[in-house]
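Computed from the coordinates by the stated procedures, all read-outs in this text should not be read as laboratory data. Computed from a predicted structure; not experimentally measured. Here the Cβ positions follow ideal geometry from the backbone for every residue, glycine too, while neighbour counts run over all protein chains shown.
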Number of protein chains: 2
Amino acid sequence: MTHAALPMVVPDPALPSRVRIHEVGPRDGLQNEKAVVPTEVKAEFIHRLADAGLTTVEATSFVRPEWVPQLADAEQLMPQLADLKEGGVRLPVLVPNRRGLDRALALGAREIAVFGSATESFAKANLNRTVDESLAMFEPVVASAREAGLAVRGYLSMCFGDPWEGAVPVGQVVRVCRSLLEMGCDELSLGDTIGVATPGHVAALLTALNEAGVPTGRLAVHFHDTYGQALANTLAALRHGVTTVDASAGGLGGCPYAKSATGNLATEDLVWMLHGLGISTGVDLGRLTATSVWMAGRLGRPSPSRTVRALSHQEP
Amino acid sequence: MTHAALPMVVPDPALPSRVRIHEVGPRDGLQNEKAVVPTEVKAEFIHRLADAGLTTVEATSFVRPEWVPQLADAEQLMPQLADLKEGGVRLPVLVPNRRGLDRALALGAREIAVFGSATESFAKANLNRTVDESLAMFEPVVASAREAGLAVRGYLSMCFGDPWEGAVPVGQVVRVCRSLLEMGCDELSLGDTIGVATPGHVAALLTALNEAGVPTGRLAVHFHDTYGQALANTLAALRHGVTTVDASAGGLGGCPYAKSATGNLATEDLVWMLHGLGISTGVDLGRLTATSVWMAGRLGRPSPSRTVRALSHQEP
């Protein structure tokens, strides 16, 4: 049997006509892979993603190298992306603190992201600080970045459920979102870090944020597929008017063969749905799939993306 | 890290409050597995599914044994399910023709299903008939079943895309649906056999069926996860008022390690979403997951369901 390589297009008039995909594979994906990928492979990966039409590719992280050895080569990688930067591809980098910002600025980064938590437990576990202490840590970093003319994204982890605290009250998420916006973040990415959200919860959080005065245009969603819910949750967010969606090429970072797989939403599965809905993304699905198959070869394991597997008939 | 074993509940008032899951694992699932499962294992599987709260479990098929060796033991299996039948569990069986119906009736079946196609190509490939010839073949079978007091479900394959024909016109699906209802089918299951549908297409088909006078209450949806779209498509169908959803425990029948995996929607992934939305199903997710883990052990391969993996930390 053969089948068409692209989804049929049947638009839903209640949904946006265009979505910007914030590709997190090279950063969030590779950070959560066991293998440390050579710098040249990363550079080729990011070039291929841009060639496939992705306009925003989170490139790396400026955390302390000993914390995340997978991304310890930021200084070596960034110069290899200069042509993309010149070409207008957005290449945000993760920056945890002042030292990270200085490193990013020295390499000519134009866009950074800080990584906050909606819950005290995860703030403690990830940043060894309370939520308010972490916000206080970000404040001068965001201010300096803005002064330097950089765009700033605020990630917010554990927006739905937390492994220690269970369900996360919507009001708690709204409070941290407002703080991040007030300190100068241009965009917030609402993370379902452990993948437990369902579509009603997504709608409830987005409604509460709107009611608190947060414009939907400044929100992105970042779903994990731990329980298979990422795409249904994305659909709920689109229905609410969200037009920026985070995803990881090939589902990188969500190894289906590991315990407690975090399961990033695969960019290809997202693109299949968006294009089927007539929502333009600028992405060439065939090129993107070929890139993920190539990257899976470098990592020595198959992509967990169902679309990648179906389009490539890839065997593990 | 630990996390809650159940999703948080945040209802969406636009969705139904209750969904009936039509469990297809023992029939559609096992039919598409390489291994032939012993009759006793099937009987235990079906008992465990019923114990987990599933009220409709498609038990087997009365096609010619040489066509589907995986289900050649229908005569041996059915008597082992007598207690379930007495207890009110619905145990529909697939019946392709008069001979199959006679076998099913001889074993006391109370509910059958016929398996039609929305496209000429698949009717030819699967039944060696045109669509109209296959409808003519079903007509006396459905009539006899109804006379005998049996409930009849009509499956309709290729309702969205067809591997040979590409996109399937909505009007073509509507025509076959009406024929199946007019000949006496109580319920129709709309199948996305190759998994290419996206949510706008689902909404468009359901709208067209309503406009043609088909009540939503007589429709079920049957999505495949080939491209990861099954749950998002299910959400679109729920939003349209559909309250019967087909799924396969543990994602049986959709082996992620085979070429062209058909990828049944996993019942556990569905239940996670429904329960998170506050939609009752009567299913105990923990028991169901334990059943799928047990069955995966019998088949010697891991479940492709993300929820099963996450809840069981199952390694391949």
Those residues that are buried (at least 16 other Cβ atoms within 10 Å of the Cβ) and either in contact with a Gly (Cβ under 9 Å, 6 or more places away or on another chain) or among the small types (Gly, Ala, Ser) (or both), I need them from segment A:168-183; list them, please. A:168, A:176, A:177, A:179, A:180, A:181, A:183
Going residue by residue through segment B:108-122, is there one that turns out to be in contact with a Cys (Cβ under 7 Å, 6 or more places away or on another chain) and over 18 Å from residue B:78 (Cα atoms)? yes
Turns out the helices (runs of 4 or more DSSP H) fully within segment B:1-92 with at least 1 residues that are of a type in the set (Phe, Trp, Tyr) are B:39-51
From the options B:107, B:94, B:135, residue that is of a type outside the set (Ser, Thr, Tyr) and surrounded by 23 or more Cβ atoms within 10 Å (Cβ to Cβ): B:94
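Residue-by-condition table, conditions (1) of a type in the set (D, E, K, R); (2) buried (at least 18 other Cβ atoms within 10 Å of the Cβ):
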| residue | (1), (2) |
| --- | --- |
| A:123 | no, yes |
| A:130 | no, no |
| A:139 | yes, no |
| A:143 | no, no |
| A:147 | yes, no |
| A:154 | no, yes |
| A:161 | no, yes |
Taking segment A:293-312 and keeping only residues that are buried (at least 24 other Cβ atoms within 10 Å of the Cβ), more than 10 Å from chain B (Cβ to nearest Cβ) and of a type outside the set (Gly, Ala, Ser), one is left with A:295
Residue that is farthest from the other protein chains (Cβ to nearest Cβ), among those in segment A:268-284 that are in a helix (DSSP H, G or I) and over 18 Å from the mean Cα position of the chain (by Cα): A:275
With the first residue restricted to segment B:227-248 and required to be among the aromatic types (Phe, Trp, Tyr), and the second required to be assigned to a helix (DSSP H, G or I), Cβ contacts under 8 Å at 6 or more apart or on different chains are B:227/A:269; B:227/A:272; B:227/A:306; B:227/A:307; B:227/A:310
Only one of B:82, B:50 that is buried (at least 17 other Cβ atoms within 10 Å of the Cβ), free of Cβ contacts under 8 Å to residues at least 40 places away in the same chain and on the phi < 0 side of the Ramachandran plot: B:50
